[in-house]
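Colleague: Below are the structure tokens for one structure; questions will follow.
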Amino acid sequence: MLHTCSSSDDITNDDDPQSQSNYMYYSITGSAVNHSFTISESQEIENDNITILGHVYNEGTTQVASLVFARSLPGDDFKEIYMTLPTNIGEFALGEIETGSTGNITEEPIFNMKFLFGELYAFYDGDNDGDNDLLTHLLSKNISLTITEYEETYNDFGILTLGHIKGSFEGQAYYKAYTGPTSEPEELLHSVTGSFEYTIPNNNL
């Protein structure tokens, strides 16, 4: 686990992460979120918390790499990404997370992505009553993933874990949004693109 203090990133300005060993750079375009974001271990300022985690586990007979990139400030100012990915170099399709009429997840494929935001970044008021009508997080629908680098390692306890991964993604994710007490929620498609890199900190070996 990497947990550091980080620099504030306002809604219009983010750092370039490309020279960093642990970063997530991503852009989302749609009706509820329309912005580019950075989560990087280089961001350093008081009260701004960065969490970057990598892990390897088995889901039945399938080996899975999981990644978490999260950045938060006090209040409702946060952004998080949760990824479950194949443990190989190559090009892959991430599955669609399916939801029911209330927004609850009904089917979650092994490989997927979830984007979480506070209302500072994610807000949709379809009926103009001043309330946020989003029922879900931004969930993967049709996302292509490319992994260009991948390594595993063992920690001091002899447990296999994620050592290094680098890749990119693009495609579509969606929100479900409330439309009324008796009507089905609407689906809000968003375009997503991004690049990321993770290397396990030495103190986690």
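The values are calculated or read from the model by the stated rules, or taken from the named source; none is laboratory data. It should be emphasised that the depicted structure is a prediction, and the values quoted were computed from it without experimental measurement. Note: accessible area is taken over every heavy atom of the protein model, side chains too, but ligands, DNA and RNA are not part of it. Shrake-Rupley method; radii C 1.70, N 1.55, O 1.52, S 1.80 Å.
Colleague: Principal axis lengths of segment 141-181 from Cα atoms, whole Å, largest first?
Modeller: On the principal axes, segment 141-181 reaches 54, 25, 9 Å in Cα extent.
Colleague: Name the shape class, rounded, prolate or oblate, that the alpha-carbon gyration tensor gives for segment 61-105, where a ≥ b ≥ c are the square roots of its eigenvalues, rounded holds for a/c under 1.5, and otherwise prolate holds if a/b is larger than b/c and oblate otherwise. Walk me through the numbers before you get to the answer.
Modeller: Working: a/c = 2.94, a/b = 1.33, b/c = 2.20.
Judged from the Cα gyration tensor, segment 61-105 comes out oblate (a/c at least 1.5, b/c at or above a/b).
Colleague: Over the chain, give the accessible area per residue in Å² for a 1.4 Å probe, as an integer. Mind dumping the intermediate values first?
Modeller: Working: 9910 Å² over 205 residues.
Dividing the accessible area of the chain by its residue count gives 48 Å².
Colleague: Ignoring any ligand, DNA or RNA, what whole percent of the accessible area of the chain comes from carbon and sulfur when the probe is 1.4 angstrom?
Modeller: With neighbouring chains kept in place, the figure for the chain is 46 percent.
Colleague: Rounded if a/c is under 1.5, else prolate if a/b beats b/c, else oblate: with a ≥ b ≥ c from the C-alpha gyration tensor eigenvalues square-rooted, which is the chain? Mind dumping the intermediate values first?
Modeller: Details: a/c = 2.06, a/b = 1.37, b/c = 1.51.
The shape class here is oblate.
Colleague: Same structure, new question: With equal scatterers on the alpha carbons only and no solvent term, can you work out the Debye log10 of I(q)/I(0) for segment 74-153 at 0.13 1/Å?
Modeller: One equal scatterer on each Cα of segment 74-153 leads to -0.54.
Colleague: Now a separate question. Compute log10 of I(q)/I(0) for segment 100-194 with the Debye formula, placing one identical point scatterer on every Cα and leaving out solvent, at q = 0.11, 0.19 Å⁻¹, to two decimals.
Modeller: Reported log10 I(q)/I(0), two decimals: -0.47, -0.96.
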